[in-house]
Each structure stands twice: as C-alpha cells, then as structure tokens.
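Please read the structure below before turning to the comments.
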Amino acid sequence: MKAVTWQGRRHVAVTDEPDPRLEEPTDAIVRITSTAICGSDLHLYELFGPFLDRGDILGHESMGIVEAVGRDVVTLRPGDRVVVPFNIACGRCFMCRRGLQSQCETTQNDQYGTGASLFGYTKLYGQVPGGQAELLRVPLADENTIPVGTDLPDERYLFLSDILPTAWQAVEYTGLSEPSTLVVLGLGPVGQLAARIGVQRGHRVIGIDPVPERRAMAVRHGVEAWEGDDDVSRVIAHTQGRGADAVIDAVGLEAHGSPFAHAAHAVTAALPDALARPVMENTGVDRLAALHASVDMVRRGGTISISGVYVGDSDVMPMKTMFDKQLTLRMGQCNVKRWIDDLRPYAEADDDPLGLDDLVTHRAGLADAPDLYEKFQKKDDGCIKVVLQPT
C-alpha cells in the first residue's frame, strides 16, 4: 500500500509499505477514503524526531470502508463505513467508563508515563501506524470505530475523528453556561470549529490569529476576528476592563512570540536522538506566548481551556497571577467517543450549522502530501485544512 511516512525533520514521503493484516481477533482493516493533516501532525514534522523512526506512518484523522474484521469483532462487518477516532481505547476500563478515553488504562504507555495510544503519533503514544495510508489496522475495532451513514460526503463525518470533538471539548471545558465573551487564540482548524461552536451557543466570540485567510473564514461564521496586535489590552478594553469570561488556547507549543523557547526547540532538534529524547522528556520547554496571553486576557475568576498541544515539563508559568486571579485551567487530549452523540446531529444536519462544508481549503491524493505538509506548516496559499483521499 501507499502511505505517508516520516523520514526526518521537515521531511515526509509517500512510500510503499506492507499492507496491514489482522493481528488480534478484535482488529479490523479499514480502506481509507479520506484522511486529514492535523495541526498536531506539524509538531511531528518539526519537533518530535527523537520519538519517531524513519518510516513511521503518520496520520490520526481518518475514515473509510471496513475490509476485514477479526473473529471477535461483533459490531462491524465488511462494507461498513466508519470514522476512526484518533485515540485508541478499550471502552471498559476505569477511565473509559468515565468518558476519559484519552486516558484508557488498557492502552496507556507506561514506559513514557503518557495516556492512551494514538494513531500515527510517536513512541510517546504507542507508535501505532497511522491513517495517512490506503489501509489502516484498527485495534479494538468495536470501540475504535464510529459507524456512519452512506448518504453524506466524507467531509461531513471525517472531522468526528479529532478536530470537531476536540473543539467541542474545548468549549465544554470553558464551563460557560450563559451568553458570555469567549476568546479563541489561534484560528487553525480546531480554533475555527471552537469559535463556531461558541457562536452557536450564543457567546460573543473573538478569534485572534495573524493569518488573514483564517480571520476571513472565521468572520463568515459570526466570529469577531482580530489580527492580534496588542491583543491583551484590546480584549480588556472591549470587556468593560475585566477581560474575557473564558479563553481557549488553540495554539499550543509552537506559538509565535517565544524566541528563547523557539531557540531551545531548534537546538534540541539538532541533537542526536539519544541525547534529544531525555532533554525533551525531562527539561523540555514550550513556546508559551499564547498561554501567557490567555492568563493576561481572561477575567478574574475566569477559565482557560487548552486544546493546543503542550509537551514541556519545565515550563515557567505565572503562578502568582494565576492564583491571584483565581483562574480555572482545563486541558487535555480529547476524549473523542464521549462527545459523538452530541456532535453527530451537527454533522448530519441539512443546514450544516457548524459550516463543516467551509473548512477544507486543500484536497489532494496521497502523492501530494509532502508538498501540503510544507504548505500547511508555512500557512502558504491560504492553507487552513488539508484532506487527502487515498482511494
């Protein structure tokens, strides 16, 4: 089969790989019809080389048609159309029963002290081959597939694999129960959807991003889109001097405006893997400009919801300010299956209330993946969301 594989820093390639096979009686094989490049994949493209091996298959936003099932799979049969959640969970353990599938105790990665395994996402999360490929082996397939209908196009369902539930969880974690002011930092795919969900819930949503095409897309969906110059002062000035009721940080560890951490990333990326791994595990730092801005622009007693990925264990946070302002922080990998019943009606609604038909800017086959990884990272050509169609 053809697959998108990691070959080195800023270097992915489409290579011939062995077809996956059923390895456990609970497995399924899915022929991928659509798979997306996620903003989180760009962290692998740029930073996570020490935890990747050359030839690792990337991708964790996928859907397709079931080709084969193991003898113990009970809810699927060949020919079923399914979405594949990005986290791999058992559905039965202590964590899964509490809706914390991203912390599944069956697939946790004890070697690295991390949560549930993820498709296509480094040794830290199980080094499971990903879905930017023609075929995907899905472990524990009864739990790790979402059967969907056949009438709607893939792009109405594909984002149930990650970015739509991630955005929904980000808004849920703000705890806003009445019309409020919500700031979304970063208008990439997750930020776009979080902002739209906020508008749907009746909030005043301010989205902040330096990229004009992202701001223009957000405006089409009722968001106040700002460029980001002096954004903390501007938010405070537009909220009666208090600050926003809640802020969603949809940027994460590669935020602009953190020159020292950016330099540390560059140095770490240049180290041999054997040296870089312990540095990243034990003394890694993130580019925290977005998170620090969140602390400054949220009102006292407000909430910061973090959906952008952070990985540093030596990050410096303004604890005095956070304590004094009595802030609430919620964060974490999305628990995809927890939110599917809430989100399926939005995906299937005739009027497309979240504008899922207005998110993808670039569509291509697998062969174009290397070019589109570069374009997405550089934010060239108005690139906001990429969908690859292997078949």
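Among the chymotrypsin sites (Phe, Trp or Tyr not before Pro) within region 6-66, not one is in coil by DSSP while having at most 13 neighbouring Cβ atoms inside 10 Å. The slack between residue 381 and residue 325, meaning 0.36 nm per residue of separation minus the straight C-alpha distance, is 16.1 nm. Derived scalar couplings between HN and Hα for region 228-235 equal x, 5, 6, 5, 4, 4, 5, 4 Hz in order, rounded to whole Hz, by the Karplus curve 6.51 cos²θ - 1.76 cosθ + 1.60 (θ = phi - 60°), x for Gly and Pro. The eigenvalues of the Cα gyration tensor, multiplied by 5 and square-rooted, give region 1-65 an equivalent ellipsoid with semi-axes of 23, 14, 12 Å from largest to smallest. Computed from the C-beta positions of residue 200 and residue 15 and an R0 of 45 Å, the FRET efficiency is 0.60 to the nearest 0.05. Relative to the current alpha-carbon distance between residue 314 and residue 368, full extension at 0.36 nm per residue lengthens the span by 15.7 nm.
For the chain, what does the helix formula give at 222 nm: sum of -39500 (n - 2.57) over DSSP H segments with n ≥ 4, over the residue count, nearest 500 deg cm²/dmol?
On the way: 13 runs with 114 residues, N = 391.
Rounded to the nearest 500, it is -8000 deg cm²/dmol.
Applying a DSSP loop filter and a limit of 13 other Cβ atoms within 10 Å to the trypsin sites (Lys or Arg not before Pro) in region 61-114 leaves 71, 92, 98.
Each distinct pair of alpha carbons in region 319-361 adds a 1/r term; the inverse of their mean, the Kirkwood radius, is 13.8 Å.
Shape analysis of region 136-218 based on the Cα gyration tensor places the equivalent ellipsoid semi-axes at 28, 16, 12 Å, largest first.
Between amide H atoms placed 1.01 Å from N, distances below 5 Å from residue 109 occur with 114, 115, all of them 5 or more places distant or on a separate chain. A Gaussian network model of the chain, with springs between Cα atoms under 10 Å, assigns the largest mean-square fluctuation among 202, 243, 39 to 202. Volume per residue for region 293-391 equals 195 cubic angstrom (convex hull of Cα atoms). Between residue 230 and residue 296, full extension at 0.36 nm per residue minus the direct alpha carbon distance yields a gain of 22.6 nm.
Here's the picture: charge each Lys and Arg Cβ at +1 and each Asp and Glu Cβ at -1 in region 1-157, and of 109, 139, 129 the one pushed furthest to the positive end of that dipole is 109. Two numbers describe the Cα atoms of region 174-252: Rg and Dmax, which are 11.3, 31 Å. Lysine pair count for the chain (Cα-Cα distance under 29 Å; residues 8 or more apart in sequence or on different chains): 13. The simple spin-label model puts a point 7 Å past each Cα toward its Cβ; for residue 105 and residue 216 those points are separated by 5.2 nm. Between the C-alpha center of region 175-243 and that of region 144-163 there is a gap of 27 Å.
Taking label points 7 Å from Cα along the Cα-to-Cβ direction, residue 358 and residue 24 give a separation of 4.3 nm. With q set to 0.07, 0.14 Å⁻¹, the log10 of I(q)/I(0) for the chain, from the Debye formula over equal scatterers at the Cα positions, is -0.30, -1.28.
One compactness figure for region 1-111 is 1.18, namely its Cα radius of gyration divided by 2.2 N^0.38 Å.
FYI, it's all coordinate maths here, none of it is from the lab. The model shown is predicted, which means the values in this text are computed figures rather than measured ones. For neighbour counting, all protein chains shown are included, and Cβ atoms are generated from backbone atoms with ideal geometry for every residue, glycine included.
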